[in-house]
Amino acid sequence: MSEQLASEFAAARREMLEDQLRHRGISNQLVLGAMARVPRELFVLDEVRDLAYADCALPIRAGQTISQPFTVAFMAELLQLTGREHVLEIGTGSGYAAAVLSLIAQHVDTVERLTILAADATERLERLGYTNVSVHEGDGTLGWPAAAPYDAISVTAGGTTMPLPLFEQLKEGGRLVIPLQSDGRGQQMWRFTRRQGQPEAECLGSFSFVPLIGIHGWDAKD
Ligand code: SAM
């Protein structure tokens with residue numbers, strides 16, 4: 001990438017931070033700092049690279065999407081990270097949100113069900129130097145028990161109900177953030193905090209995600 005193009009993307013990133021994040025209430029400095037550092041243009045398909053900082057989700061391979069910048073920041077803020085946490089992400093996709101989380105957590109494990117996306121993200125995150133992210137292939141509705149427990153879990157696809165295995169892999173006081181289908185009209189973002197082994201639920205607004213497909217999610221049609 002030419003120096004001029006790289007500096008145009010850096011300017012677009014600063015604008016995104018101001019207009020799409022700060023302006024809409026994202027105030028956590030760790031989240032803003034991470035969003036300012038991750039080059040989103042290197043996580044999107046060539047054909048939509050000029051839209052890397054647009055205020056929307058964008059297509060990636062296999063009919064999936066990289067979430068809108070605001071959604072990535074909003075979910076990261078809900079996880080209440082300080083930099084010391086062990087985080088599980090379900091739905092690696094491009095690896096962008098995992099890269100953002102890796103800058104505000106100690107380690108990120110991320111699970112993707114589609115082989116092609118898990119392979120792409122592994123290669124991309126390694127190449128870009130995100131050394132504290134481990135990409136796994138599998139059904140993330142089962143969590144990733146081998147590395148549990150987690151301080152925080154972020155699910156970046158829309159589920160049906162809270163997947164119990166994910167809640168069970170949370171530490172006491174841990175947060176699970178997940179969009180869930182509400183009434184056929186869309187999804188609501190939920191945060192479940194583990195308090196004395198029980199979920200304390202908060203509903204935090206409407207969003208739109210591709211489906212979470214798995215044993216504790218939607219049935220696969222493919
Ligand atoms: N976090 C991603 C990023 O930054 O690019 C965006 C994720 S995209 C909105 C949702 C992803 O969840 C898709 O890649 C999809 O294949 C994946 N997915 C859906 N169901 C899953 C499951 N049960 N386990 C793991 N990944 C799943």
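Tabulated data
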{"quantity": "Matching entry among LEU142, LEU170, LEU164 (being hydrophobic (A, V, I, L, M, F, W, C) and near the ligand (Cβ under 10 Å from one of its atoms))", "calculated": "LEU142"}
{"quantity": "The listed residue being within 30 Å of GLY197 (Cα to Cα) and more than 8 Å from the ligand (Cβ to nearest atom), out of PRO149, PRO69, PRO59", "calculated": "PRO149"}
{"quantity": "Residue ID - nearest to ALA119 (Cα to Cα), chosen from residues in the stretch 150-164 that are open to solvent by 20 Å² or more (accessible area, probe 1.4 Å) and in contact (Cβ under 8 Å) with a residue 40 or more places away in the chain", "calculated": "THR156"}
{"quantity": "Lone qualifier among PHE167, PHE192 - being assigned to a helix (DSSP H, G or I), over 14 Å from GLY91 (Cα atoms) and modelled with pLDDT of 95 or more", "calculated": "PHE167"}
{"quantity": "The lone exception for ALA146 - which of (1) over 15 Å from the mean Cα position of the chain (by Cα); (2) surrounded by 17 or more Cβ atoms within 10 Å (Cβ to Cβ) it fails", "calculated": "(2)"}
{"quantity": "Top-ranked residue in the stretch 73-82 [being open to solvent by 30 Å² or more (accessible area, probe 1.4 Å) and part of a loop (DSSP other than H, G, I, E, B); ranked as nearest to the ligand (Cβ to nearest atom)]", "calculated": "GLN80"}
{"quantity": "Restricting the stretch 63-72 to residues that are more than 15 Å from GLU47 (Cβ to Cβ) and in a helix (DSSP H, G or I), the residue that is nearest to the chain's Cα centre (by Cα)", "calculated": "VAL72"}
{"quantity": "Some residue of the stretch 208-217 being farther than 29 Å from LEU42 by Cβ, among the β-branched types (Val, Ile, Thr) and either within 10 Å of the ligand (Cβ to nearest atom) or not in a helix (DSSP H, G or I) (or both)", "calculated": "yes"}
{"quantity": "First in the stretch 206-217 and of a type in the set (A, V, I, L, M, F, W, C), second anywhere and open to solvent by 40 Å² or more (accessible area, probe 1.4 Å) and more than 6 Å from the ligand (Cβ to nearest atom), Cβ under 6 Å, 6 or more apart", "calculated": "ILE213/ALA220"}
{"quantity": "Selection from the stretch 121-143 of residues that are in contact with a Lys or Arg (Cβ under 9 Å, 6 or more places away or on another chain) and either open to solvent by 20 Å² or more (accessible area, probe 1.4 Å) or on the phi > 0 side of the Ramachandran plot (or both)", "calculated": "TYR130, GLU137, GLY138, ASP139"}
{"quantity": "Given (1) among the hydrophobic types (A, V, I, L, M, F, W, C); (2) exposed (fewer than 12 other Cβ atoms within 10 Å of the Cβ); (3) within 16 Å of GLU85 (Cβ to Cβ), number of the condition CYS203 does not satisfy", "calculated": "(3)"}
{"quantity": "Count of the stretch 170-189 residues which are modelled with pLDDT under 95 and open to solvent by less than 30 Å² (accessible area, probe 1.4 Å)", "calculated": "2"}
{"quantity": "Positions within the stretch 121-136 being free of Cβ contacts under 8 Å to residues at least 60 places away in the same chain and assigned to a helix (DSSP H, G or I), in sequence order", "calculated": "ALA121, THR122, GLU123, LEU125, GLU126, ARG127"}
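The values are calculated or read from the model by the stated rules, or taken from the named source; none is laboratory data. For clarity, every value in this text was computed on a predicted model and none was experimentally measured. Backbone-built Cβ (ideal geometry, glycine too); neighbour counts: all protein chains shown. We work out accessible area using only protein heavy atoms, side chains counted, and drop any ligands, DNA or RNA first. Shrake-Rupley method; radii C 1.70, N 1.55, O 1.52, S 1.80 Å.
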